[in-house]
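All remarks here apply to the structure that follows.
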Amino acid sequence: MKTITPTELRSNIYNLLDEILNTGIPIEIDKGSRKLRIIPIKKANKLQNLIPRLDTIKGDSDELADIRWEKEVNLDLP
């Protein structure tokens, strides 16, 4: 990991940001006794946020299209 000073960051910020994005390697900024780090963040996979539902129907969609509900549902409306 590359370590730079705030002055180096200020004078070359756009090139440093491009370097981080291209290489994926973070850069550390040494600010006296403290340090900061700029790191690339990977784009999140939206499917990872899905909550598993155990009561969902699993199967072939063609088989599901042929299900008949007449015996399950009362279609005689008042």
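When the alpha carbon coordinates of region 1-41 are projected onto the principal axes, the ranges are 28, 19, 14 Å, largest first. In deg cm²/dmol, rounded to 500, what helix-only [θ] at 222 nm does the chain give when every DSSP H run of at least 4 residues adds -39500 (n - 2.57) and the total is split over its residues? For the chain, the value works out to -7000 deg cm²/dmol.
Built from the Cα atoms of the chain, the convex hull projects on average onto 12.6 nm², one quarter of its surface area.
When the Cα positions of G32, N15, W69 are compared along the charge dipole of the chain, G32 comes out farthest toward the positive end, with charges on each C-beta of Lys, Arg, Asp and Glu.
Compared with the dominant principal axis of the Cα atoms in the chain, helix 13-23 is inclined by about 50°.
Taken about its Cα centre, the chain carries a charge dipole of about 920 debye when Lys and Arg each add +1 at the Cβ and Asp and Glu each add -1 at the Cβ.
Here the extension length gained between K46 and T3 equals 12.2 nm, from 0.36 nm per residue of separation less the Cα-Cα distance.
Over the chain, what is the mean sequence separation of C-alpha contacts under 8 Å (at least six apart), divided by residue count, expressed as relative contact order in percent?
With pairs under 8 Å counted, the relative contact order is 22 percent.
Only the coordinates and a few stated rules stand behind these numbers; no lab work does. Not measured: the values here are computed from a predicted model. When we count neighbours, we look across all protein chains shown, and the Cβ atoms used for this are built from the backbone with ideal geometry, even at glycine.
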